[in-house]
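One structure is given below, encoded as structure tokens.
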Amino acid sequence: MATPIDPPTLVLGDDDLVDWMELTALFDTFGVARVDALLGSLITLEETAEDDIGERDKRREQLVERLENEINLRQRNLGETYPFDLSASGDELLLDGNWRDPKYAFYLICLITTHVTGSAILRTPPGGELLTRLRNRVFQIVATLGLAGLATGPAFSVGWPRQTGETIVELLTRAAAAGGGFSVRTPPGPYFAS
């Protein structure tokens, strides 16, 4: 089965190489991206074999250190919303087993959409269920938070499509009961489309 990730290239910076590892882990059945697989891919792209093995190993160790520093920077800045973790040995980047938790949505949406077009990493844009979830749920959450910021007030993302079959009045009543800071007009006004 073909992977949606292109092999890494020598022109990728450290941040893109970490993105490559994250996307590899995201699409991997077991949620793992191995550092040695990344290094192996890069080695095959080198034009000439390195005569000085010590120098080659030093450059690879420096690359691994820079990758670890980038991952640590992301972990430090994002805290519990970063859905990846470096294994204790530093050999693998691991996707959190609960990666579908909404707290990871913002990071994953940014990661994927950064590489949807014109990317040297992601072979094809997301499709199927992942794209549907991206459009229907994650973008809605991002838009809801953006609207809350613009309105400088509370906002609720109620999901799309509504899976419970509840009416809009029922949904708004549930949101109000959850602390929405508003009251629901029931029955709704004359211009309500039933």
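The values are calculated or read from the model by the stated rules, or taken from the named source; none is laboratory data. Nothing here was measured: the structure is a model prediction, and the numbers come from that model. Reconstructed Cβ throughout: ideal geometry from the backbone, glycine too, with neighbour counts over all protein chains shown. Ligands, DNA and RNA are excluded from the accessible area calculation, which covers all protein heavy atoms including side chains. Shrake-Rupley method; radii C 1.70, N 1.55, O 1.52, S 1.80 Å.
Residue check: Leu111 meets all listed conditions (1) within 30 Å of Trp20 (Cα to Cα); (2) at pLDDT below 80 but one, namely (2).
Scanning region 120-144 for residues that are modelled with pLDDT under 75 and of a type outside the set (Lys, Arg) yields a count of 11.
One residue alone among Leu67, Leu108, Leu94 is assigned by the TED database to the domain that holds Val32, assigned to a helix (DSSP H, G or I), in contact (Cβ under 8 Å) with a residue 40 or more places away in the chain and surrounded by 16 or more Cβ atoms within 10 Å (Cβ to Cβ), and that residue is Leu67. Taking Thr9 as the residue in question, decide whether it is touching a helix residue (DSSP H, G or I) at 6+ places or on another chain (Cβ under 7 Å), open to solvent by 40 Å² or more (accessible area, probe 1.4 Å) and assigned to a loop (DSSP other than H, G, I, E, B). Yes. Name the single residue, out of those in region 34-51 being among the charged types (D, E, K, R) and at pLDDT below 80, that is farthest from Asp19 (Cα to Cα). Among residues in region 34-51 that are among the charged types (D, E, K, R) and at pLDDT below 80, the one farthest from Asp19 (Cα to Cα) is Asp51.
Let's see how each residue does on (1) in contact (Cβ under 8 Å) with a residue 60 or more places away in the chain; (2) over 15 Å from Tyr107 (Cα atoms); (3) open to solvent by 90 Å² or more (accessible area, probe 1.4 Å):
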| residue | (1), (2), (3) |
| --- | --- |
| Gly13 | no, yes, no |
| Phe30 | no, yes, yes |
| Leu73 | no, no, no |
| Asn77 | no, no, yes |
